[in-house]
Amino acid sequence: MRLDKATFTVFDVETTGLYPYSGDRICEIGAVKAMFGSRETKKFHSMINPGRPISYGAFRVNGITDEMVMGAPTIYEILPSFLKFIEGSVLVAYNAGFDLGFLECALRNKKDVLNDYYVIDALRLARRLFPSAGRFSLSCVSQSLGIDTEGGHRALSDAVMTWKVFGKELKLLMEDGIREVEELAKAQVKKSSIAVVGDYKLKLIEEAIREEKRLNITYRSVWDNRITKRVITPKEIQSGYDKSYVVAHCHLRNDERNFRLDCILEAEEA
(Lines give C-alpha, C1' and ligand atoms only; values in the text may rest on other atoms or scores of the structure.)
Protein backbone atom coordinates (compact mmCIF):
# COMPACT_ATOMS: atom_id res chain seq x y z
CA MET A 1 0.00 0.00 0.00
CA ARG A 2 1.47 3.36 -1.05
CA LEU A 3 1.92 5.98 1.66
CA ASP A 4 0.40 8.68 -0.52
CA LYS A 5 -2.70 6.54 -1.13
CA ALA A 6 -3.21 5.22 2.40
CA THR A 7 -5.79 6.48 4.88
CA PHE A 8 -4.38 7.01 8.37
CA THR A 9 -6.22 7.12 11.68
CA VAL A 10 -4.23 8.90 14.37
CA PHE A 11 -5.71 8.19 17.79
CA ASP A 12 -5.06 8.95 21.44
CA VAL A 13 -6.57 7.85 24.74
CA GLU A 14 -6.64 9.51 28.13
CA THR A 15 -6.81 7.12 31.06
CA THR A 16 -7.52 6.86 34.77
CA GLY A 17 -3.86 5.96 35.41
CA LEU A 18 -0.86 4.18 33.93
CA TYR A 19 -1.65 0.55 34.69
CA PRO A 20 -4.17 -1.17 32.40
CA TYR A 21 -3.36 -4.62 33.82
CA SER A 22 -4.15 -3.39 37.33
CA GLY A 23 -7.54 -1.96 36.48
CA ASP A 24 -6.87 1.50 34.97
CA ARG A 25 -9.21 2.29 32.10
CA ILE A 26 -9.79 4.68 29.18
CA CYS A 27 -11.72 7.82 30.12
CA GLU A 28 -11.46 9.71 26.80
CA ILE A 29 -10.72 8.72 23.21
CA GLY A 30 -10.03 10.92 20.20
CA ALA A 31 -8.99 10.26 16.62
CA VAL A 32 -8.31 12.00 13.33
CA LYS A 33 -8.68 10.17 9.99
CA ALA A 34 -7.19 11.49 6.76
CA MET A 35 -4.93 10.83 3.80
CA PHE A 36 -1.45 12.33 3.61
CA GLY A 37 -1.58 15.86 2.20
CA SER A 38 -5.37 16.08 2.46
CA ARG A 39 -7.05 19.03 4.14
CA GLU A 40 -10.17 16.96 4.68
CA THR A 41 -10.14 15.14 8.01
CA LYS A 42 -12.75 13.16 9.89
CA LYS A 43 -12.74 13.30 13.68
CA PHE A 44 -13.92 10.96 16.40
CA HIS A 45 -14.24 11.92 20.06
CA SER A 46 -15.96 10.70 23.19
CA MET A 47 -15.66 11.03 26.91
CA ILE A 48 -15.92 7.60 28.52
CA ASN A 49 -17.19 6.51 31.91
CA PRO A 50 -14.35 4.23 33.09
CA GLY A 51 -16.36 2.72 35.94
CA ARG A 52 -13.65 3.62 38.43
CA PRO A 53 -12.21 6.85 39.91
CA ILE A 54 -9.66 8.86 37.95
CA SER A 55 -6.39 8.92 39.88
CA TYR A 56 -4.99 12.23 41.10
CA GLY A 57 -1.87 11.62 39.02
CA ALA A 58 -3.93 11.23 35.85
CA PHE A 59 -6.03 14.30 36.70
CA ARG A 60 -2.84 16.37 37.08
CA VAL A 61 -1.87 15.41 33.51
CA ASN A 62 -5.17 15.52 31.62
CA GLY A 63 -7.42 17.63 33.86
CA ILE A 64 -10.27 15.13 33.55
CA THR A 65 -12.43 14.74 36.66
CA ASP A 66 -14.89 12.06 37.74
CA GLU A 67 -17.70 14.59 37.24
CA MET A 68 -16.69 15.10 33.59
CA VAL A 69 -17.20 11.42 32.75
CA MET A 70 -20.28 10.85 34.88
CA GLY A 71 -23.10 9.88 32.56
CA ALA A 72 -20.75 9.32 29.62
CA PRO A 73 -21.01 6.03 27.67
CA THR A 74 -18.82 3.09 28.67
CA ILE A 75 -15.94 1.94 26.49
CA TYR A 76 -17.99 -1.10 25.48
CA GLU A 77 -20.71 1.20 24.12
CA ILE A 78 -18.13 3.26 22.22
CA LEU A 79 -15.95 0.47 20.78
CA PRO A 80 -18.30 -0.58 17.92
CA SER A 81 -18.40 2.96 16.51
CA PHE A 82 -14.65 3.45 17.05
CA LEU A 83 -13.84 0.17 15.26
CA LYS A 84 -16.12 1.27 12.42
CA PHE A 85 -14.31 4.63 12.27
CA ILE A 86 -10.82 3.09 11.96
CA GLU A 87 -11.90 0.42 9.45
CA GLY A 88 -9.60 0.18 6.42
CA SER A 89 -7.00 2.62 7.76
CA VAL A 90 -3.43 2.50 9.04
CA LEU A 91 -3.29 3.18 12.78
CA VAL A 92 -0.91 5.82 14.15
CA ALA A 93 -0.30 6.81 17.77
CA TYR A 94 2.37 8.61 19.75
CA ASN A 95 3.94 5.97 22.00
CA ALA A 96 1.62 3.45 20.37
CA GLY A 97 2.24 0.64 22.86
CA PHE A 98 0.61 2.66 25.65
CA ASP A 99 -2.59 3.48 23.74
CA LEU A 100 -2.86 0.03 22.16
CA GLY A 101 -2.29 -1.67 25.52
CA PHE A 102 -5.36 0.10 26.92
CA LEU A 103 -7.33 -0.58 23.75
CA GLU A 104 -6.43 -4.29 23.90
CA CYS A 105 -7.61 -4.48 27.51
CA ALA A 106 -10.90 -2.84 26.50
CA LEU A 107 -11.37 -5.25 23.59
CA ARG A 108 -10.77 -8.25 25.88
CA ASN A 109 -11.12 -11.49 23.92
CA LYS A 110 -11.70 -9.54 20.69
CA LYS A 111 -8.29 -7.85 20.78
CA ASP A 112 -7.07 -9.94 17.83
CA VAL A 113 -9.04 -7.58 15.59
CA LEU A 114 -6.04 -5.21 15.90
CA ASN A 115 -3.86 -7.77 14.11
CA ASP A 116 -5.59 -6.71 10.90
CA TYR A 117 -4.02 -3.24 11.07
CA TYR A 118 -0.63 -1.80 10.32
CA VAL A 119 0.44 0.27 13.33
CA ILE A 120 2.94 3.12 13.17
CA ASP A 121 4.46 4.70 16.28
CA ALA A 122 5.03 8.41 15.66
CA LEU A 123 7.27 8.57 18.76
CA ARG A 124 9.73 6.02 17.31
CA LEU A 125 9.82 8.01 14.08
CA ALA A 126 10.38 11.28 15.96
CA ARG A 127 13.42 9.85 17.75
CA ARG A 128 14.83 8.80 14.40
CA LEU A 129 13.93 11.86 12.34
CA PHE A 130 14.15 14.75 14.83
CA PRO A 131 17.17 13.99 17.05
CA SER A 132 17.73 17.70 17.76
CA ALA A 133 14.39 17.85 19.63
CA GLY A 134 16.29 16.62 22.70
CA ARG A 135 13.19 15.57 24.62
CA PHE A 136 10.61 13.44 22.89
CA SER A 137 7.31 14.05 24.61
CA LEU A 138 4.60 14.97 22.10
CA SER A 139 4.54 18.58 23.28
CA CYS A 140 8.34 18.98 23.12
CA VAL A 141 8.56 17.54 19.60
CA SER A 142 5.58 19.63 18.49
CA GLN A 143 7.14 22.82 19.88
CA SER A 144 10.43 22.06 18.15
CA LEU A 145 8.53 21.74 14.86
CA GLY A 146 6.51 24.93 15.36
CA ILE A 147 3.23 23.07 15.96
CA ASP A 148 0.65 24.59 18.31
CA THR A 149 0.44 22.62 21.57
CA GLU A 150 -2.63 24.34 23.04
CA GLY A 151 -5.03 21.87 24.62
CA GLY A 152 -2.39 19.17 25.06
CA HIS A 153 -3.04 16.06 27.14
CA ARG A 154 -6.61 15.74 25.93
CA ALA A 155 -7.41 12.94 23.53
CA LEU A 156 -8.63 14.81 20.45
CA SER A 157 -6.15 17.68 20.70
CA ASP A 158 -3.28 15.21 21.13
CA ALA A 159 -4.53 13.21 18.14
CA VAL A 160 -4.57 16.41 16.05
CA MET A 161 -1.09 17.32 17.29
CA THR A 162 0.19 13.83 16.47
CA TRP A 163 -1.35 14.05 12.99
CA LYS A 164 0.62 17.26 12.34
CA VAL A 165 3.86 15.71 13.63
CA PHE A 166 3.22 12.56 11.61
CA GLY A 167 2.61 14.63 8.48
CA LYS A 168 6.10 16.12 8.80
CA GLU A 169 7.52 12.65 9.43
CA LEU A 170 5.83 11.28 6.31
CA LYS A 171 7.16 14.13 4.19
CA LEU A 172 10.75 13.41 5.29
CA LEU A 173 10.34 9.66 4.82
CA MET A 174 8.93 10.05 1.33
CA GLU A 175 11.75 12.43 0.41
CA ASP A 176 14.10 9.70 1.63
CA GLY A 177 12.56 7.21 -0.79
CA ILE A 178 10.09 5.41 1.51
CA ARG A 179 6.98 4.72 -0.55
CA GLU A 180 5.10 1.81 1.00
CA VAL A 181 3.24 1.46 4.31
CA GLU A 182 4.66 -2.06 4.63
CA GLU A 183 8.18 -0.67 4.34
CA LEU A 184 7.54 1.76 7.17
CA ALA A 185 5.62 -0.64 9.41
CA LYS A 186 7.91 -3.67 9.15
CA ALA A 187 10.51 -2.08 11.44
CA GLN A 188 7.82 -1.67 14.11
CA VAL A 189 6.56 -5.25 14.34
CA LYS A 190 5.35 -5.92 17.85
CA LYS A 191 7.53 -8.26 19.85
CA SER A 192 7.33 -9.56 23.38
CA SER A 193 9.90 -8.39 25.91
CA ILE A 194 9.84 -11.88 27.44
CA ALA A 195 12.40 -12.90 24.83
CA VAL A 196 14.91 -10.30 25.99
CA VAL A 197 14.45 -10.26 29.75
CA GLY A 198 16.80 -13.19 30.44
CA ASP A 199 15.94 -16.74 31.52
CA TYR A 200 17.12 -16.41 35.12
CA LYS A 201 15.01 -13.31 35.80
CA LEU A 202 11.96 -14.77 34.13
CA LYS A 203 12.26 -18.03 36.10
CA LEU A 204 12.76 -16.09 39.33
CA ILE A 205 9.64 -14.00 38.67
CA GLU A 206 7.57 -17.05 37.73
CA GLU A 207 8.72 -18.84 40.89
CA ALA A 208 7.85 -15.78 42.99
CA ILE A 209 4.33 -15.78 41.46
CA ARG A 210 3.81 -19.47 42.24
CA GLU A 211 5.16 -19.25 45.80
CA GLU A 212 3.94 -15.70 46.60
CA LYS A 213 7.49 -14.52 47.35
CA ARG A 214 8.81 -11.01 47.50
CA LEU A 215 11.54 -9.90 45.11
CA ASN A 216 14.06 -7.08 45.26
CA ILE A 217 14.28 -5.51 41.82
CA THR A 218 16.26 -2.75 40.17
CA TYR A 219 13.89 -0.95 37.82
CA ARG A 220 14.41 1.61 35.07
CA SER A 221 11.43 3.93 34.68
CA VAL A 222 9.83 3.96 31.24
CA TRP A 223 9.02 7.66 31.61
CA ASP A 224 12.26 9.30 32.77
CA ASN A 225 14.88 6.49 32.76
CA ARG A 226 15.32 6.92 36.51
CA ILE A 227 16.63 3.77 38.18
CA THR A 228 15.14 2.78 41.55
CA LYS A 229 15.21 -0.16 43.94
CA ARG A 230 11.83 -1.76 44.62
CA VAL A 231 10.42 -4.62 46.69
CA ILE A 232 7.56 -6.31 44.86
CA THR A 233 5.31 -9.33 45.22
CA PRO A 234 4.64 -10.48 41.64
CA LYS A 235 1.11 -11.69 40.84
CA GLU A 236 1.11 -12.42 37.11
CA ILE A 237 2.79 -11.67 33.79
CA GLN A 238 0.65 -9.97 31.15
CA SER A 239 1.52 -9.64 27.45
CA GLY A 240 0.64 -6.17 26.17
CA TYR A 241 0.60 -4.97 22.58
CA ASP A 242 4.37 -4.83 22.17
CA LYS A 243 5.71 -5.33 25.69
CA SER A 244 5.14 -7.71 28.59
CA TYR A 245 4.43 -6.57 32.14
CA VAL A 246 4.73 -7.95 35.66
CA VAL A 247 1.60 -7.14 37.64
CA ALA A 248 2.81 -6.86 41.24
CA HIS A 249 2.18 -5.33 44.63
CA CYS A 250 4.78 -2.60 45.03
CA HIS A 251 5.74 -2.33 48.69
CA LEU A 252 7.32 1.09 48.15
CA ARG A 253 3.99 2.55 46.95
CA ASN A 254 1.80 0.05 48.85
CA ASP A 255 -0.23 -0.37 45.68
CA GLU A 256 -0.61 -2.68 42.70
CA ARG A 257 1.57 -1.58 39.78
CA ASN A 258 2.63 -2.82 36.34
CA PHE A 259 6.38 -3.19 35.78
CA ARG A 260 7.60 -3.52 32.21
CA LEU A 261 9.47 -6.79 32.05
CA ASP A 262 12.38 -5.55 29.97
CA CYS A 263 12.89 -2.63 32.39
CA ILE A 264 13.59 -4.95 35.32
CA LEU A 265 17.37 -4.74 35.26
CA GLU A 266 18.08 -7.03 38.22
CA ALA A 267 16.02 -9.31 40.43
CA GLU A 268 16.71 -11.40 43.52
CA GLU A 269 14.76 -12.94 46.35
CA ALA A 270 13.95 -10.49 49.14
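Quick one: count up the residues across the stretch 255-270 that are part of a strand (DSSP E or B) and buried (at least 18 other Cβ atoms within 10 Å of the Cβ).
Residues flagged as part of a strand (DSSP E or B) and buried (at least 18 other Cβ atoms within 10 Å of the Cβ) within the stretch 255-270 amount to 6.
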Total residues in the stretch 137-152, condition among the aliphatic types (A, V, I, L, M) and part of a helix (DSSP H, G or I): 2
Every residue from the stretch 68-111 that is among the polar types (S, T, N, Q) and either in contact with a Pro (Cβ under 9 Å, 6 or more places away or on another chain) or modelled with pLDDT of 95 or more (or both): Thr74, Ser81, Ser89
Cβ-Cβ under 6 Å pairs, at least 6 apart or on other chains, the stretch 196-207 side more than 15 Å from Ile232 (Cα to Cα), far side modelled with pLDDT under 95: Val196/Asp262; Val197/Leu261; Val197/Asp262
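Here is a yes/no grid of residues against (1) farther than 27 Å from Lys110 by Cβ; (2) in a strand (DSSP E or B):
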{"position": "Thr218", "(1), (2)": "yes, yes"}
{"position": "Arg230", "(1), (2)": "yes, yes"}
{"position": "Tyr245", "(1), (2)": "no, yes"}
{"position": "His249", "(1), (2)": "yes, yes"}
{"position": "Arg253", "(1), (2)": "yes, no"}
Test result for Pro20, in contact with a Cys (Cβ under 9 Å, 6 or more places away or on another chain) and in the same structural domain as Asp158 (by TED's automatic domain parsing): yes
Total residues in the stretch 84-110, condition more than 30 Å from Arg128 (Cα to Cα) and without any contact (Cβ under 8 Å) to a residue 40 or more places away in the chain: 5
Number of positions in the stretch 2-30 that are in a loop (DSSP other than H, G, I, E, B) and acidic (Asp, Glu): 2
Identity of the residue in the stretch 217-236, charged (D, E, K, R) and touching a strand residue (DSSP E or B) at 6+ places or on another chain (Cβ under 8 Å), that ends up surrounded by the most Cβ atoms within 10 Å (Cβ to Cβ): Arg230
Boolean, Phe136 is touching a Ser or Thr at 6+ places or on another chain (Cβ under 8 Å), among the aromatic types (Phe, Trp, Tyr) and within 25 Å of Lys186 (Cβ to Cβ): no
Matching residues in the stretch 199-216 - criterion: being surrounded by 15 or more Cβ atoms within 10 Å (Cβ to Cβ) and part of a strand (DSSP E or B): Leu215
Verdict on Ile48 being out of contact with any helix residue (DSSP H, G or I) (no Cβ under 8 Å at 6 or more places or on another chain), crowded, with 18+ Cβ neighbours inside 10 Å and at pLDDT 95 or above: no
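The values are calculated or read from the model by the stated rules, or taken from the named source; none is laboratory data. Keep in mind that this is a model prediction, so the values were computed, not measured. All Cβ positions, even for glycine, are placed from backbone atoms using ideal geometry, and neighbour counts span all protein chains on display.
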